[in-house]
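Down below is the structure, laid out as structure tokens.
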Amino acid sequence: MKRGWKLKRTLLLFAFELLYHQFAWAYDLVSSLVSKGQWRTWQRAALTGLYGRRVLEIGPGPGHLLADLAERGYSCCGLELSRQMVRLARRNLRKRGFPCCLVRGRAEAIPFVDNAFDCVVLTFPAGYVREVGPLREIYRVLVIGGRVVIVDSAYLREDDATGRLLNWAHSIPGESGASIPLPRLADLGFTVAEEEQANEAGGAHVVILTKTG
């Protein structure tokens, strides 16, 4: 059984890697297909947990949530490793008429000063969100009382091939932000809250971390 989970995880991470780099041009299409059009709804689940006005999105992909943030008046910036995604996000933001800061870099070394943001947002993040290094960096760039909003997983209600495939993907142990050991988060200076946002098609799981000082 453990070997089966490892194979599933390896295959999915490989697919995500391709989709974020060589096949970034297909990201929106694939995301819409595998979610039955719910992907953007799940992304926007992050908006209800925001704090303050200065927001950093880590891994913004094609930049749609950054545009949502700019449209709502937030001062926002995106930190993205994929060169292809940075180009795509800049193009999408220009199309919607929103100037927004985009920086290439890793969550392990966020290129901003201490206390630079009120809120950090991650939607469907990779496994780095469970690692101490990135969490310490996120903590560093947040103000006291600032929040980390993580949309870490989602599901479809329909019991058909697409719904089963998506729910299978999210059943991999350790791929969810909610799997971060809570004592570790407390040791790093975060309190934790969780919520689910659901509709008739499915739902998204949201983890909110607050920097306590």
(request) Using label points projected 7 Å from each Cα along Cα→Cβ, tell me how many nm separate ASP187 and ARG90, to one decimal. (result) 4.1 nm
(request) Hey, can you grab everything whose amide H is under 5 Å from the amide H of GLU57? Only 5+ residues off in sequence or another chain; H modelled, so Pro and N-termini drop out. (result) CYS77, GLY78, LEU79, VAL121
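Calculate the translational D of region 56-168 in whole µm² s⁻¹ from Stokes-Einstein, where the hydrodynamic radius comes from the Kirkwood formula applied to all Cα pairs, the temperature is 37 °C and the viscosity 0.692 mPa s. Write out the running numbers ahead of the final one.
Details: Rh = 15.0 Å.
Reported coefficient: 218 µm²/s.
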(message) How far apart, in nanometres, would the label points at THR41 and GLU194 be if each is projected 7 angstrom from Cα along the Cα-to-Cβ direction?
(response) 2.2 nm
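Can you tell me the length gained on complete extension of the stretch GLU108 to LEU33, counting 0.36 nm per residue apart and subtracting the Cα distance?
Extending this stretch completely gives an extra 23.9 nm.
None of the figures in this text is laboratory data; all of them are computed from the coordinates on show. None of the values given here were measured: they were computed from a predicted structure. Because the Cβ atoms are built from the backbone with ideal geometry, glycine has one as well, and the counts that use them run over all protein chains shown.
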